[in-house]
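Asks: Dropping the structure in here first, questions after.
The values are calculated or read from the model by the stated rules, or taken from the named source; none is laboratory data. Here the structure is a predicted model, which means the values were calculated and not measured. Note that we place each Cβ from the backbone using ideal geometry, even for glycine, and neighbour counts take in every protein chain shown.
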Amino acid sequence: MHTTTTPIPISFAPLDTLPAVIRSGGVEADRCLVVTDEHVAALYGDAVCNSLALKKFEPHLIVLPPGEATKSQDRLAEIYNRALAWGIERGTPLVAFGGGVVGDLAGFAAATLLRGIPLFQVPTTLVAQVDSSIGGKTGINHTTGKNLIGAFYRPTGILTDPGLLKSLPTREWTSGLAEVIKHGLIADDALFTELETQADALFDRNESVVERIVPRAAAVKVRIVREDEFETGLRTILNFGHTFAHAIEKVAGYGEYTHGEAVAAGMRAALHLSEHTAPGFDAERADRIVRRIPVPPGLASLSIADLMDAMNLDKKVRRGSVRLVLLDRIGHAYVASDIPSSLVKKAWAFAQEAIG
């Protein structure tokens with residue numbers, strides 16, 4: 001088992017090491033909540049419960065429907081009700097076993113149950129393994145926008161098993177690559193260069209390439225979170241492509257497109273803006289790999305007026321001004337404010353044309 005030396009201990013190890021990871025976090029309780037979704041439960045529910053039982057844990061499995069709509073107040077209340085009825089204590093750990101939806105929702109439940117119980121993230125998707133499980137952001141969606149209700153709550157530990165990615169559907173895999181590519185674009189030019197040279201193998205899920213790239217992409221997030229845990233400065237660059245993406249998800253309806261598909265479209269728009277605001281930026285080089293991520297053509301039909309209305313409700317708005325993360329070179333991002341709406345509209349038109 002290899003554990004990085006970070007504020008959040010990440011173990012890159014097989015799933016059956018979960019009991020050891022929980023104990024290494026100082027947990028003494030003999031019962032354990034496991035929150036997952038129907039897809040993950042069907043594949044790995046028995047395996048995770050058996051591994052816990054073998055090490056004298058009593059697991060209590062809470063299985064929720066899959067999809068972005070699960071990040072809701074109703075499903076949060078369901079976790080509360082079942083956990084409290086089971087009789088949890090402050091030392092009872094909660095394992096968030098799934099992708100970003102489960103990680104965000106179950107993480108928020110852990111942050112607020114009994115004012116905080118130990119949280120362990122076991123991410124099962126590429127997006128979760130390189131991004132959403134790291135950094136302590138938890139929360140649910142609101143009809144006004146995505147992730148508007150939540151809390152920063154640092155996991156006691158994260159167990160990342162790249163072997164779990166083998167069962168991902170192709171759409172989930174390619175969607176997850178959006179976050180991997182994003183990490184190279186914003187903060188690691190060497191990683192981006194490797195992604196360029198290994199693109200075919202990466203899209204084909206070559207095992208040795210995946211096992212090398214996942215920890216490297218995760219390390220970018222770890223490094224940024226270490227410097228800015230509560231997103232007061234540097235961490236904002238992780239939102240490259242996300243201001244557009246969150247608007248896309250809200251306007252289209254949560255779950256209509258995957259998060260990665262929305263991010264891919266958002267990054268293409270942000271690359272177009274970057275080219276216009278940073279002379280000399282090689283947007284074409286960056287776009288060559290971003291445009292390999294398949295995006296459903298229906299996404300191109302979304303109205304820019306509706307998207308801009310949604311952007312104005314984004315968490316990153318300051319004093320009424322939408323802030324966008326842009327690039328001035330590959331491997332370096334910055335936050336830009338007061339970008340003319342005419343340029344934003346042109347950027348979305350570029351993304352629409354590329355999708356359509």
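Asks: Considering only residues that are at negative phi, surrounded by fewer than 14 Cβ atoms within 10 Å (Cβ to Cβ) and of a type outside the set (D, E, K, R), look in the stretch 81-98 and name the one that is nearest to the chain's Cα centre (by Cα).
Replies: Here the residue is ASN81.
Asks: With respect to the numbered conditions (1) in contact (Cβ under 8 Å) with a residue 40 or more places away in the chain; (2) in contact with a strand residue (DSSP E or B) (Cβ under 9 Å, 6 or more places away or on another chain), which one is the sole condition not fulfilled by GLY103?
Replies: So the condition that GLY103 fails would be (1).
Asks: Restricting to the stretch 288-317, name every residue that is under 21 Å from the mean Cα position of the chain (by Cα) and not hydrophobic (A, V, I, L, M, F, W, C).
Replies: ARG291, ARG292, PRO294, PRO296, ASP314, LYS315, LYS316
Asks: Let me ask another. Give the residues of the stretch 330-346 that are surrounded by fewer than 15 Cβ atoms within 10 Å (Cβ to Cβ) and either part of a loop (DSSP other than H, G, I, E, B) or free of Cβ contacts under 8 Å to residues at least 24 places away in the same chain (or both), sorted by residue number.
Replies: Matches in the stretch 330-346: SER337, ASP338, PRO340, SER342.
Asks: In addition: Considering only residues that are surrounded by fewer than 24 Cβ atoms within 10 Å (Cβ to Cβ) and of a type in the set (A, V, I, L, M, F, W, C), look in the stretch 239-272 and name the one that is farthest from THR143 (Cα to Cα).
Replies: Per the criteria, the residue is ALA252.
Asks: Something else: Please find, within the stretch 116-175, the residue that is farthest from the chain's Cα centre (by Cα) out of those that are among the charged types (D, E, K, R) and not in a loop (DSSP other than H, G, I, E, B). Walk me through it before giving the result.
Replies: Within the stretch 116-175, the subset among the charged types (D, E, K, R) is 131, 137, 146, 154, 161, 166, 171-172.
Pick out the ones that are also not in a loop (DSSP other than H, G, I, E, B) and you get 131, 137, 146, 166, 171-172.
Details: ASP131: 4, LYS137: 9, LYS146: 13, LYS166: 18, ARG171: 15, GLU172: 12 Å.
Top of the filtered list is LYS166.
Asks: Mind checking which residues of the stretch 54-99 are over 20 Å from ASP30 (Cβ atoms), of a type outside the set (Gly, Ala, Ser) and either touching a Lys or Arg at 6+ places or on another chain (Cβ under 6 Å) or in a loop (DSSP other than H, G, I, E, B) (or both)?
Replies: LEU64, PRO65, PRO66, LYS71, listed by residue number.
Asks: Looking at LEU148, LEU113, LEU105, LEU185 in this structure, which one is in the same structural domain as CYS49 (by TED's automatic domain parsing) and buried (at least 24 other Cβ atoms within 10 Å of the Cβ)?
Replies: Values: LEU148 fails: buried (at least 24 other Cβ atoms within 10 Å of the Cβ); LEU113 fails: buried (at least 24 other Cβ atoms within 10 Å of the Cβ); LEU185 fails: in the same structural domain as CYS49 (by TED's automatic domain parsing).
Residue meeting the stated conditions: LEU105.
Asks: Something else: Quick check, is THR197 assigned by TED's automatic domain parsing to the domain that holds VAL130, out of contact with any Pro (no Cβ under 8 Å at 6 or more places or on another chain) and β-branched (Val, Ile, Thr)? Steps first, answer last, please.
Replies: Working: assigned by TED's automatic domain parsing to the domain that holds VAL130: no; out of contact with any Pro (no Cβ under 8 Å at 6 or more places or on another chain): yes; β-branched (Val, Ile, Thr): yes.
So THR197 does not fit the description; no.
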